[in-house]
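For reference, the structure discussed in these notes is given below.
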Amino acid sequence: MKPSELTYITQDIIDKGTFNVTSPEMLEEARRYNMDAVTNNSKRKRMTVTTGIWLIIQIPIIIASICMYLTLETLSDHNAFRAGDFGLIMSYARLGAMFLGLFAYLGLFGYYIIFRFQRDPKIMFLCSAPAMLTTFWGVLIVIINVVVAYIYEHKEEKFSEEAGYPAFVRLAVTTVESDARSIQDLTYDSIKERTKHWRAEGDEFL
């Protein structure tokens, strides 16, 4: 529900979290807003949790891929020795670049993406880029990270257009002009019947 679709509910009311209903129309709008707020809040939380899980599990994936590489490299060390000094230099340079990329990735990714909660695709790419120095899995993870960040930012922009963003707080509906004994008993019909009764007596809603 867009803010432009709301007639009675304002941003101040959303910020307070309570809405006093004095007409059936206000109750209907509150009902529709609360339904949308619950739906949007659930979708946004699901998106955030799913993204967060991926951002966390990729770290052990990269570390595991490095461990696998080192295992295979150890088994093929005799090839480097057979190639002479040049083979040894290339082997050590590869290992040095791998660990340099790993530490740079862990530092940048951990601080800006995990701790600072940055989700901009450009920042995601820059913080993930050092992982490309590790293994093929590092390159694949960088590509996935950029795609995930783009989808996250696109959906977040859509959510920002909805009323109640970012918390999507559900309004606590109250009434002083109803036959309902408590807020739990408040229904559209209870206000509607009260409206008929008051109008029959010549009274009007405040």
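For the range 27-71, which residues satisfy the criterion of being loosely packed, with under 14 Cβ neighbours inside 10 Å, of a type in the set (Gly, Ala, Ser) and touching a helix residue (DSSP H, G or I) at 6+ places or on another chain (Cβ under 9 Å)?
Gly52, Ala64
Considering every residue within the range 123-134, establish whether at least one is outside the structural domain of Ile63 (by TED's automatic domain parsing) and either touching a strand residue (DSSP E or B) at 6+ places or on another chain (Cβ under 8 Å) or assigned to a helix (DSSP H, G or I) (or both).
Let us first name the residues in the range 123-134 that are outside the structural domain of Ile63 (by TED's automatic domain parsing), namely none.
No, that holds for no residue.
Conditions (1) under 25 Å from the mean Cα position of the chain (by Cα); (2) modelled with pLDDT under 95; (3) in the same structural domain as Val148 (by TED's automatic domain parsing); (4) closer than 26 Å to Lys155 by Cβ, marked per residue:
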site: Ser4; (1), (2), (3), (4): yes, yes, no, yes
site: Asp15; (1), (2), (3), (4): yes, yes, no, yes
site: Val21; (1), (2), (3), (4): no, yes, no, no
site: Glu25; (1), (2), (3), (4): no, yes, no, no
site: Glu29; (1), (2), (3), (4): no, yes, no, yes
site: Arg46; (1), (2), (3), (4): yes, no, no, yes
site: Thr50; (1), (2), (3), (4): yes, no, no, yes
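Please identify the pairs in which a residue from the range 99-114 that is part of a helix (DSSP H, G or I) has its Cβ atom under 7 Å from the Cβ atom of a residue that is aromatic (Phe, Trp, Tyr) and modelled with pLDDT of 95 or more, counting only partners at least 6 apart or on another chain.
none
Any residue in the range 42-71 that is closer than 21 Å to Pro121 by Cα sitting within a Cβ distance under 6 Å of a residue that is among the basic types (Lys, Arg) and surrounded by 12 or more Cβ atoms within 10 Å (Cβ to Cβ)? List the pairs, counting only those 6 or more apart or interchain.
So the pair list comes out as Met47/Lys155.
What single numbered condition from (1) modelled with pLDDT of 95 or more; (2) touching an Asp or Glu at 6+ places or on another chain (Cβ under 7 Å) fails to hold for Tyr105?
Tallying (1) modelled with pLDDT of 95 or more; (2) touching an Asp or Glu at 6+ places or on another chain (Cβ under 7 Å), Tyr105 fails exactly one: (2).
Check Gly96 against each of (1) under 30 Å from Tyr152 (Cβ atoms); (2) at pLDDT below 90 and name the one condition it does not meet.
(1)
The values are calculated or read from the model by the stated rules, or taken from the named source; none is laboratory data. Everything numeric here is computed off the predicted structure, so don't read it as measured data. Please note: Cβ atoms are built from the backbone with ideal geometry, for glycine as well, and neighbour counts cover all protein chains shown.
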